[in-house]
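One structure is given here, and the rest of the page talks about it.
The values are calculated or read from the model by the stated rules, or taken from the named source; none is laboratory data. Quick caveat: nothing in here was measured; it's all calculated off a predicted structure. Glycine also receives a Cβ, built like all others from the backbone with ideal geometry; neighbour counts cover every protein chain displayed.
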Amino acid sequence: MVSLVTDSQVASLKRNFAGKVSANEMMRDYTSFRIGGPADVLIEPSSVDDLREALKWAWSLGLPVFVLGNGTNLLVADEGIRGAVIRIGSSLSSLEFDGDTVTAGAGISLPALARACADRGLTGMEWAAGIPGSLGGALTMNAGAYSCTIGDIVREVRVLGLDGQASVRTSEEMHFAQRSSRLSQGDIIAYEAVLGLKPGDADESRAQMSEYMADRKVKQPLHMPSAGCIFQNPAGRGAGRYIDAAGLKGLRIGGAEISPVHANFIVNVGNATARDVLMLMSHIKRVVYEKFGVELVPEVRVVGG
């Protein structure tokens with residue numbers, strides 16, 4: 001597909017940018033699924049000022065912007081992503097504690113954040129210990145596990161508009177819902193969040209985190225490239241139970257397979273394409289609906305094309 005970004009436009013951004021800028025980067029190298037074609041331009045800001053500069057640059061050119069975190073819960077099309085992909089990474093992963101609150105950069109990984117909170121004797125993030133995504137991604141999708149979500153502990157989120165203008169959104173203004181939030185609309189980008197936790201016992205928090213991680217290792221195919229759970233859980237029953245009951249575990253299309261370990265995971269068993277995954281998802285939805293009358297809703301975010 002034809003790129004929306006020229007070499008001269010990329011060069012103009014690089015002149016005022018401290019972070020990394022690269023054209024035609026393969027997104028499979030930046031996603032946990034190991035799937036995805038090229039981004040027109042991949043931008044990795046080194047600071048909030050860098051992020052603002054990148055947004056202003058894309059805004060001035062009328063380019064679509066996609067924000068990338070750790071690349072989990074994401075399926076990128078084989079054709080890639082047109083416009084600018086801005087990756088919020090470790091350069092935006094600051095941490096500052098004040099009593100029972102923590103102000104964290106959107107680029108910090110959830111396990112690192114959970115460990116840091118536990119080490120400070122603060123409880124409320126244990127559920128995130130085994131989730132491989134970033135805080136920014138968690139805020140966007142209202143990530144959660146074990147009956148907890150990130151939205152439960154957010155006090156405020158600091159964001160930039162696509163024009164680079166800064167603002168602060170309260171927890172209520174974030175509109176946290178099942179696997180979505182105000183960030184899902186794509187017109188604002190989180191760079192920092194303030195989380196409210198509770199005093200606890202560090203050893204107890206670490207023990208709880210270890211228990212959660214051990215549970216994941218047994219129940220999920222963590223050794224294989226995937227995007228995590230592929231469908232949202234319908235009310236009353238896990239999506240994986242319906243898929244398993246439909247006899248679909250182990251079914252493979254191309255390089256994509258319904259995991260024999262957990263039926264709500266599609267794994268990349270070798271050179272899977274986005275097309276393989278989408279065909280498998282479509283088949284799962286159809287069979288589960290025919291057998292049980294249940295409409296499965298994707299949890300994985302599909303972008304590009």
Self-check item: Condition met for S8 (in contact with a helix residue (DSSP H, G or I) (Cβ under 8 Å, 6 or more places away or on another chain) and surrounded by fewer than 18 Cβ atoms within 10 Å (Cβ to Cβ))
Solution: no
Exercise. With respect to S171, determine if the residue is buried (at least 16 other Cβ atoms within 10 Å of the Cβ), over 17 Å from V67 (Cβ atoms), in contact (Cβ under 8 Å) with a residue 24 or more places away in the chain and hydroxyl-bearing (S, T, Y).
Key: no
Practice problem: Examine region 16-24 for a residue that is touching a Leu at 6+ places or on another chain (Cβ under 9 Å), surrounded by 15 or more Cβ atoms within 10 Å (Cβ to Cβ) and on the phi > 0 side of the Ramachandran plot, and state whether such a residue exists. | Solution: no
Quiz item: Which one is nearest to V168 (Cα to Cα) among residues in region 94-122 that are surrounded by fewer than 19 Cβ atoms within 10 Å (Cβ to Cβ) and among the polar types (S, T, N, Q)?
Solution: T103
Quiz prompt | From L74, L95, L55, L42, residue being touching a Ser or Thr at 6+ places or on another chain (Cβ under 8 Å) and farther than 30 Å from M224 by Cα | solution = L95
Practice problem: Name every residue in region 178-202 that is exposed (fewer than 15 other Cβ atoms within 10 Å of the Cβ) and of a type in the set (K, R), in order of residue number. | Solution: K198
Exercise. Scan (1) in the same structural domain as A18 (by TED's automatic domain parsing); (2) buried (at least 23 other Cβ atoms within 10 Å of the Cβ); (3) in a loop (DSSP other than H, G, I, E, B) for the single condition S46 breaks and write down its number.
Key: (2)
Quiz item: Within region 30-38, can one find any residue that is hydroxyl-bearing (S, T, Y), part of a loop (DSSP other than H, G, I, E, B), at pLDDT 95 or above and touching a strand residue (DSSP E or B) at 6+ places or on another chain (Cβ under 8 Å)?
Solution: yes
